[in-house]
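Report on one structure; see the data block that follows.
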Amino acid sequence: MIKKNNKFKTIKTNNNIGINKILVLSTLVFNLLLLLIFLKMDSYFYKRDIKGYEAGKVAERTIIAEHDFEYIDKKSTSRRNFELERTITPVFKVYKEITDESILLFDIFLQRFSEYSDQVKNQNELADKFEDFKSRYPDFNIKIVIQLYEKPSLYSLLEISKTIIVSAMNKGIIASEKKSLGDYTPNELVEIWRWNDGKREKDDIYFSDVLTMDKIKEYAISSVKGSNFEKDAKLIADIVYSFSKDNCFYDFEETQKKRNELFTSTIPVYKTIKKGTVIIEKGFIITDREMLIISAMGNTVVKINLKTNIAILFYLIALYFLINIFFSLPGVIKKTDTGEVIFLIILSELFFIYALIVYKFLNIPIWLNYAMLIPTSLFTMIIAIIITQTAALYFSLIVSIIVLIIGNFSPFPAMFCILNGIAGVFFAKKADTRIDLIIAGIKTGFLNIFFISTFLLFTNTEYKVFISSSGIAFLNGFLSGIVVLGILPIIELILNSPTRFRLIELLDLNNPILKKMHSMAPGTFNHSLSVGNLAENACQEIGANALLARVGAYYHDIGKIDRAEYFIENQKSYNKHDYMKPSLSVSIIKSHVKTGIEKGKELRLPQALIDIIAQHHGNGLISYFYVKALKLGNKAKINPEEYSYVEGKPKSKEAAVVLLADNVEAAVRTLKNPTVAKIDSFVWEILLSKIKEDHITESELTFNDLKIIKDSFVATLTGAFHSRIEYPDIQKAEKEAEEKIKKGEKNEQ
């Protein structure tokens with residue numbers, strides 16, 4: 001069963017490598033298409049230029065359509081656009097603040113009327129009370145006050161008037177300026193925007209149905225028709241008219257936006273010219289329409305510049321092989337991790353498209369090296385942190401070649417690009433905390449100033465250009481550091497990458513899972529710390545990721561936490577396995593790996609750490625319980641695979657070192673009176689046993705690496721088990737000294 005699993009994993013790995021190559025090839029094909037689309041003018045395509053023809057001139061020869069083609073009929077397009085424009089409904093907006101103002105004014109009037117009507121003796125005195133009201137509100141009709149005073153049901157009249165005012169204002173009273181309303185016909189639709197319960201409502205109504213101040217009295221009279229207030233309809237109409245205001249106005253911007261959206265979505269009217277059609281005969285004056293057709297025919301005759309395109313194709317093919325060579329080297333990228341390849345491809349495409357846009361569409365001054373507007377260090381910093389520094393260096397080289405192609409093979413932009421990228425990698429690798437990324441950006445900016453100044457010294461450049469270029473070059477690096485600081489946590493979250501910053505955060509012993517291990521499985525906790533020291537020191541010596549190894553060692557046994565009492569390092573009084581069957585014991589021991597993997601996924605640990613958890617025992621045989629089972633049962637019925645771990649062998653150097661450190665740390669504890677020679681011999685014996693048992697053959701560790709690892713383990717363990725001076729009992733020594741003095745005195749006597 002183990003062999004089948006290994007075979008399956010090998011096939012899966014090969015498939016991933018094949019997928020990666022296909023992805024890279026597909027990307028290059030896509031990039032070739034982008035180059036042809038973006039840069040076709042002047043360099044990659046020739047357009048047939050029909051010269052010597054101009055509207056108003058006499059045709060020197062007869063022109064016949066050489067092939068079928070289409071042209072835009074501007075006259076028909078214009079006619080259709082005119083018809084479409086007539087279908088656009090103008091937008092009128094109801095302003096709620098005007099409505100609220102009118103209603104508030106009416107409420108003030110109602111309150112004053114109620115107050116004054118009880119104080120005065122006749123309508124003339126009441127009218128006098130409203131003179132100041134008239135002066136503040138010129139549209140107010142003072143006669144309304146006199147007429148209301150005579151009405152027995154005046155408050156009912158005022159309430160119905162308010163209801164009609166609110167209704168009319170909410171419906172919208174359109175401003176009646178001739179400029180805005182004069183051109184509308186009664187059957188023409190308009191779009192009214194109004195607010196209702198905090199929501200925007202849009203209604204299309206006929207212009208004949210809109211309200212204006214000219215129609216407001218008629219609206220008020222029709223509102224009370226057939227009711228008890230019909231006899232007072234004229235008075236109500238006067239009240240409504242006095243307190244109503246224009247609150248619905250034509251909105252030019254919204255109407256224009258509708259017009260623009262309509263024209264943007266419309267397709268021009270095309271007409272087809274068939275091959276052989278005579279466009280213009282010799283001796284005739286060329287009209288605007290005929291000139292339009294002639295130009296359209298010239299623009300549709302495209303001749304590919306084969307020489308240039310073949311050169312670019314060969315260039316990209318060479319680049320493809322260069323990428324495969326670089327990223328196939330050991331330690332550049334994980335060959336089994338398609339996610340990293342996809343991430344690299346996404347970054348390269350973003351870089352490629354951004355560089356094309358900068359070069360093609362930005363109006364860059366002649367003196368400015370356009371590569372200074374491309375933040376190469378931003379990309380290389382991210383790759384150095386997320387993947388590897390080597391991958392970032394190769395990336396900077398490859399994208400500089402791309403910049404060389406885009407920039408018509410001008411060398412300075414490509415040189416600045418590669419130097420900027422390398423600077424970003426160099427400073428990013430020294431960042432221990434996230435804030436160090438800003439410092440890395442500042443250092444990259446200063447180095448960019450040095451690079452661009454060096455290039456400018458080759459030309460006769462004014463000092464103003466030096467200053468401007470230096471400022472832009474500095475901002476290139478500085479802003480790269482800030483952007484990396486901002487987006488790195490997002491990338492870490494999406495890719496779940498074991499970046500240096502993420503690993504340092506996981507190394508904190510105050511993490512809940514490590515605190516839980518310390519309290520529930522103290523023996524396992526101390527064992528994990530010791531394994532971490534061994535693994536980190538060994539990985540530093542062989543050039544592997546020491547931080548990853550240390551964090552992996554801290555978390556490799558998290559699967560033991562829930563059943564800590566079943567593991568020897570946590571047992572205090574007795575061994576629970578003494579009273580269990582070997583088969584049950586081994587299932588509990590084996591389960592800690594599976595449980596650890598599950599916990600790692602729950603904690604969203606990076607896959608590299610989960611791999612260490614899964615592979616820290618390889619396919620090793622749990623010999624203690626296997627031997628115990630042999631002693632108790634029939635050897636023929638006992639299968640070694642049932643007493644072995646099945647999660648697979650270490651695939652990385654870090655996982656293999658953790659496996660070795662785990663075994664060595666546990667085994668050395670059994671040594672009595674350890675000496676340097678004993679530890680050295682014992683450790684080497686364990687390492688050789690792992691080679692014989694085929695545990696670390698898939699990890700890319702060399703025999704020389706094993707020797708270095710052994711020396712590192714011995715040095716670390718010797719420091720842990722070093723002999724100490726036995727400190728004497730002070731009281732006993734003083735007593736012996738006194739007795740010696742007394743004895744000497746007696747001898748003298």
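The values are calculated or read from the model by the stated rules, or taken from the named source; none is laboratory data. Just so it is clear, the structure is predicted and the values come from calculations on it, not from any experiment. Please note: Cβ atoms are built from the backbone with ideal geometry, for glycine as well, and neighbour counts cover all protein chains shown. Heavy atoms of the whole protein, side chains included, go into the accessibility calculation; ligands, DNA and RNA do not. Shrake-Rupley method; radii C 1.70, N 1.55, O 1.52, S 1.80 Å.
For the reader, a short list of remarks on this structure follows.
- Residue in the stretch 612-622 that is small (G, A, S) and open to solvent by 20 Å² or more (accessible area, probe 1.4 Å) present: no
- Flag for V224 being open to solvent by less than 50 Å² (accessible area, probe 1.4 Å) and touching an Asp or Glu at 6+ places or on another chain (Cβ under 8 Å): yes
- Hits in the stretch 363-373 - residues which are touching a residue at least 60 places away in the same chain (Cβ under 8 Å) and part of a loop (DSSP other than H, G, I, E, B): W367, L368, N369
- Test for K430: is it surrounded by fewer than 23 Cβ atoms within 10 Å (Cβ to Cβ), within 30 Å of L605 (Cα to Cα) and modelled with pLDDT under 90: yes
- Criterion: open to solvent by less than 20 Å² (accessible area, probe 1.4 Å), over 48 Å from the mean Cα position of the chain (by Cα) and aromatic (F, W, Y) - qualifying residue of F109, F92: F109
- For the stretch 654-661, the condition holds for no residue, the condition being that it is out of contact with any Ser or Thr (no Cβ under 6 Å at 6 or more places or on another chain), open to solvent by 40 Å² or more (accessible area, probe 1.4 Å) and not aliphatic (A, V, I, L, M).
- Residue among A392, A355, A384 that alone is small (G, A, S) and open to solvent by 10 Å² or more (accessible area, probe 1.4 Å): A384
- Test: residue in the stretch 242-251 that is under 42 Å from the mean Cα position of the chain (by Cα) and surrounded by 11 or more Cβ atoms within 10 Å (Cβ to Cβ): yes
- Test: residue in the stretch 293-306 that is at pLDDT 70 or above, out of contact with any Gly (no Cβ under 6 Å at 6 or more places or on another chain), of a type in the set (A, V, I, L, M, F, W, C) and open to solvent by 40 Å² or more (accessible area, probe 1.4 Å): no
- When V120 is tested against (1) open to solvent by 50 Å² or more (accessible area, probe 1.4 Å); (2) in a loop (DSSP other than H, G, I, E, B), just one condition goes unmet, and that condition is (1).
- Single residue of E201, E191, E261 found to be under 44 Å from the mean Cα position of the chain (by Cα), within 30 Å of T87 (Cα to Cα) and in a helix (DSSP H, G or I): E261
- Matching entry among I638, I568 (being closer than 15 Å to D662 by Cα and surrounded by fewer than 17 Cβ atoms within 10 Å (Cβ to Cβ)): I568
- Condition broken by K560, with the remaining ones in (1) modelled with pLDDT under 90; (2) more than 29 Å from the chain's Cα centre (by Cα); (3) surrounded by fewer than 23 Cβ atoms within 10 Å (Cβ to Cβ) satisfied: (3)
Yes or no, residue by residue, for (1) at pLDDT below 90; (2) farther than 27 Å from K430 by Cα; (3) open to solvent by 50 Å² or more (accessible area, probe 1.4 Å):
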position	(1), (2), (3)
V484	no, no, no
N496	yes, no, no
E505	yes, no, yes
L529	no, no, no
L534	no, no, no
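- Out of L350, L378, sole residue that is touching a residue at least 40 places away in the same chain (Cβ under 8 Å), part of a helix (DSSP H, G or I), open to solvent by 10 Å² or more (accessible area, probe 1.4 Å) and not basic (K, R): L378
- Per this entry, I438 is counted among residues that are assigned to a helix (DSSP H, G or I) and at pLDDT 90 or above.
- Restricting the first member to the stretch 115-143 and to residues that are closer than 25 Å to K245 by Cα and without any contact (Cβ under 8 Å) to a residue 12 or more places away in the chain, and the second to residues that are surrounded by 10 or more Cβ atoms within 10 Å (Cβ to Cβ) and aliphatic (A, V, I, L, M), the beta-carbon pairs closer than 7 Å and six or more apart or on different chains are K134/I142.
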